[in-house]
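Student: I'd like to ask some things about the structure below.
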Ligand code: DP6
């Protein structure tokens, strides 16, 4: 007998960063982080529990090798004695949007797989499960602003997302400037391992980041845009400084990334409140108020390959349950 469940989840962008693992196997972070979940973009995943043989289909094509194995290994975490399963997953992100897809992918997979397996999990337990697939995925279980606490336990059960409740929605936008669309030269996990092992700046990032998460949380609760942007840019700068000072250097930014930062300086000089962040790739995400999004978009159009204006999205959810 087979059972089936389908879940959707949105990607999230860290405002205060996760970079470096204190436990590689469990994906336990060296530091806490804080994110916003995006709207519009989503991953939709159907898991059929109990088929003839394991099968993984991603964006319409059979997944092979390490990509398929990462998904199947994740299903083993849901139930080590599981039957063969089918996973069909697709994302609606515009081609080369430059957004980390592993956050929505493993959040949707955690939700769909646990439901298909008949194991209803509380949100915190789902977040712990999603984290094992990809660290950032533990934040995509919730919408809006999410705080991933580093946790202290060696089994990682206290290292998961927590939604930051705000009295009413905050009309912010994330303007994604796509500088370059190719695959990254160094994957996140490899980049983190190298940075933690060799960068003299990494301990500085870790020491400051924990305080930045708390300041950013206060800024969200107080709707203090400038303070939030200050924390975001400081965490981003320290993270990229630690990457750059790894041996060999982990360099994700391109000249076009810096051109976007200059454009943000120009916008600010004209009185438009906005700020930037970059992850393990050259694309830049600009945070601004909804009322300023069109002006930010206009300034970046022509400078980069594509610009996407996104709002804050909702939580991961089941759309089909057994
Ligand atoms: C720079 O969550 O993709 O985007 O846990 O190895 O799968 P793994 O890494 P991943 O790393 C995200 C790193 C980041 C910052 C962040 O999202 O906090």
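The values are calculated or read from the model by the stated rules, or taken from the named source; none is laboratory data. Quantities reported herein were computed from a predicted structural model and do not represent experimental measurements. Here Cβ is always computed from backbone atoms with ideal geometry, including for glycine, and neighbour counts include all displayed protein chains.
Student: Cβ-Cβ below 8 Å, separation at least six or inter-chain, first residue in region 32-44 and not assigned by TED's automatic domain parsing to the domain that holds residue 218, second surrounded by 24 or more Cβ atoms within 10 Å (Cβ to Cβ) and at pLDDT below 95: which pairs?
Tutor: 38/99; 41/99
Student: Answer yes or no as to whether residue 70 is crowded, with 16+ Cβ neighbours inside 10 Å, more than 27 Å from residue 282 (Cα to Cα) and at pLDDT 95 or above.
Tutor: No.
Student: Can you tell me which condition residue 250 does not meet? The list is (1) closer than 24 Å to residue 189 by Cβ; (2) touching a strand residue (DSSP E or B) at 6+ places or on another chain (Cβ under 8 Å); (3) surrounded by 22 or more Cβ atoms within 10 Å (Cβ to Cβ), and all the others hold.
Tutor: Going through the list (1) closer than 24 Å to residue 189 by Cβ; (2) touching a strand residue (DSSP E or B) at 6+ places or on another chain (Cβ under 8 Å); (3) surrounded by 22 or more Cβ atoms within 10 Å (Cβ to Cβ), residue 250 breaks only (2).
Student: Something else about it: Against the conditions (1) within 13 Å of the ligand (Cβ to nearest atom); (2) free of Cβ contacts under 8 Å to residues at least 60 places away in the same chain; (3) not assigned by TED's automatic domain parsing to the domain that holds residue 248, where does residue 194 fall short? Just the number, please.
Tutor: Going through (1) within 13 Å of the ligand (Cβ to nearest atom); (2) free of Cβ contacts under 8 Å to residues at least 60 places away in the same chain; (3) not assigned by TED's automatic domain parsing to the domain that holds residue 248 one by one, residue 194 breaks only (3).
Student: Let me ask you something else. State yes or no: is residue 59 on the phi > 0 side of the Ramachandran plot, out of contact with any helix residue (DSSP H, G or I) (no Cβ under 6 Å at 6 or more places or on another chain) and free of Cβ contacts under 8 Å to residues at least 60 places away in the same chain? Give the derivation first.
Tutor: Numbers: on the phi > 0 side of the Ramachandran plot: yes; out of contact with any helix residue (DSSP H, G or I) (no Cβ under 6 Å at 6 or more places or on another chain): yes; free of Cβ contacts under 8 Å to residues at least 60 places away in the same chain: yes.
Yes: the conditions hold for residue 59.
Results for (1) assigned to a loop (DSSP other than H, G, I, E, B); (2) within 25 Å of residue 211 (Cβ to Cβ); (3) at pLDDT 95 or above; (4) within 16 Å of the ligand (Cβ to nearest atom), shown as yes or no for each residue.
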site: 108; (1), (2), (3), (4): no, no, yes, yes
site: 132; (1), (2), (3), (4): no, no, yes, yes
site: 136; (1), (2), (3), (4): no, yes, yes, yes
site: 150; (1), (2), (3), (4): yes, yes, yes, yes
site: 154; (1), (2), (3), (4): yes, yes, yes, no
site: 174; (1), (2), (3), (4): no, yes, yes, yes
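Student: Only one of these conditions is not met by residue 160: (1) farther than 30 Å from residue 257 by Cβ; (2) over 17 Å from the mean Cα position of the chain (by Cα); (3) in contact (Cβ under 8 Å) with a residue 12 or more places away in the chain. Which number is it?
Tutor: For residue 160, the exception is condition (2).
Student: Considering only residues that are under 24 Å from residue 292 (Cα atoms) and assigned to a loop (DSSP other than H, G, I, E, B), which ones fall in region 176-187?
Tutor: 179
Student: Next up: Suppose we keep only residues that are in contact with a helix residue (DSSP H, G or I) (Cβ under 6 Å, 6 or more places away or on another chain), part of a helix (DSSP H, G or I) and more than 17 Å from residue 146 (Cβ to Cβ) within region 110-130. Which one would you say is farthest from the ligand (Cβ to nearest atom)?
Tutor: Only one residue fits best here, namely 114.
Student: Kindly check whether there is at least one residue in region 276-292 that is farther than 24 Å from residue 34 by Cα and surrounded by fewer than 21 Cβ atoms within 10 Å (Cβ to Cβ).
Tutor: No, that holds for no residue.
So that you can scan it fast, the table gives a plain yes or no per residue for (1) within 19 Å of residue 129 (Cβ to Cβ); (2) within 16 Å of the ligand (Cβ to nearest atom):
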position: 28; (1), (2): yes, yes
position: 61; (1), (2): no, no
position: 75; (1), (2): yes, no
position: 93; (1), (2): no, yes
position: 100; (1), (2): yes, yes
position: 103; (1), (2): yes, yes
